[in-house]
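S.K.: My questions all concern the structure below.
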Amino acid sequence: QVQLVESGGGLVQAGGSLRLSCAASGPIFSRYVMGWFRQAPGKEREFVARIGSSSRTYYGDSVKGRFTISRDNAKKTVYLQMNSLKPEDTAVYYCAAGTRDGTNLGRDFGSWGQGTQVTVSS
């Protein structure tokens with residue numbers, strides 16, 4: 001399994017931006033489908049975005065047009081640029097890696113990071 005470490009979370013005012021990073025270990029990062037999920041207190045885990053090995057991207061409805069996922073295979077890192085943040089974006093954000101493309105289900109991602117907290121104040 002690939003090891004994942006997220007960074008970049010923090011406190012930001014509504015309307016602001018943050019960029020999350022997820023550094024991966026392992027020799028075949030480029031083959032993985034990488035995803036971002038989030039979980040707010042008392043809520044279920046929610047799919048945010050994914051990027052395939054071909055860099056094809058897909059977004060959850062609540063973040064379309066505001067968030068952008070990207071990857072740098074040379075650095076073994078995936079990013080989540082978050083713009084126009086809203087208080088409802090407040091959550092712990094998790095990076096995940098999988099080998100199956102075309103799915104937004106957390107159970108299809110076999111490796112997970114420890115999460116990074118994002119708090120958006122109103």
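S.K.: List, please: which pairs have Cβ atoms under 8 Å, are six or more places apart or on different chains, and start with a residue in the stretch 103-118 that is part of a loop (DSSP other than H, G, I, E, B) and end with one that is open to solvent by 80 Å² or more (accessible area, probe 1.4 Å) and modelled with pLDDT under 95?
M.R.: Short answer, once both residue conditions are applied: Gly110/Gln1; Gly110/Thr99.
S.K.: Here is a check on your reading of the model: is Ala49 touching a Ser or Thr at 6+ places or on another chain (Cβ under 8 Å) and in contact (Cβ under 8 Å) with a residue 60 or more places away in the chain?
M.R.: Spelling it out, it is not the case that Ala49 is touching a Ser or Thr at 6+ places or on another chain (Cβ under 8 Å) and in contact (Cβ under 8 Å) with a residue 60 or more places away in the chain.
S.K.: Let me ask something else. Please go through the stretch 28-65 and pick out each residue that is under 18 Å from Thr116 (Cβ atoms) and not in a strand (DSSP E or B).
M.R.: Hits for the stretch 28-65 are Ala40, Pro41, Lys43, Arg45, Gly60, Val63.
S.K.: Another question about this same structure. Kindly indicate the residue of the stretch 58-113 that is open to solvent by 60 Å² or more (accessible area, probe 1.4 Å) and of a type in the set (Val, Ile, Thr) and also nearest to Gln1 (Cα to Cα) among those meeting that condition.
M.R.: Thr99
S.K.: Would you be able to say whether some residue in the stretch 3-24 is closer than 16 Å to Arg107 by Cα and under 11 Å from the mean Cα position of the chain (by Cα)? Steps first, please.
M.R.: Of the stretch 3-24, the ones closer than 16 Å to Arg107 by Cα are none.
Scanning the stretch 3-24, I find no residue that is closer than 16 Å to Arg107 by Cα and under 11 Å from the mean Cα position of the chain (by Cα), so the answer is no.
S.K.: Still on this structure, please answer the following. Using the structure shown, decide if Ala23 is open to solvent by 30 Å² or more (accessible area, probe 1.4 Å), in a strand (DSSP E or B), touching a residue at least 40 places away in the same chain (Cβ under 8 Å) and of a type in the set (Gly, Ala, Ser).
M.R.: It is true that Ala23 is open to solvent by 30 Å² or more (accessible area, probe 1.4 Å), in a strand (DSSP E or B), touching a residue at least 40 places away in the same chain (Cβ under 8 Å) and of a type in the set (Gly, Ala, Ser).
S.K.: How many residues does the stretch 1-17 contain that are in contact with a strand residue (DSSP E or B) (Cβ under 8 Å, 6 or more places away or on another chain), under 18 Å from Ser84 (Cα atoms) and either assigned to a loop (DSSP other than H, G, I, E, B) or open to solvent by less than 30 Å² (accessible area, probe 1.4 Å) (or both)?
M.R.: So the answer is 7.
The values are calculated or read from the model by the stated rules, or taken from the named source; none is laboratory data. All values reported here derive from a predicted model rather than from experimental measurement. Quick reminder, even Gly has a Cβ in these numbers, built from the backbone with ideal geometry, and neighbours come from all protein chains shown. The area values use the complete protein model at the heavy-atom level, side chains included, leaving out ligands, DNA and RNA. Shrake-Rupley method; radii C 1.70, N 1.55, O 1.52, S 1.80 Å.
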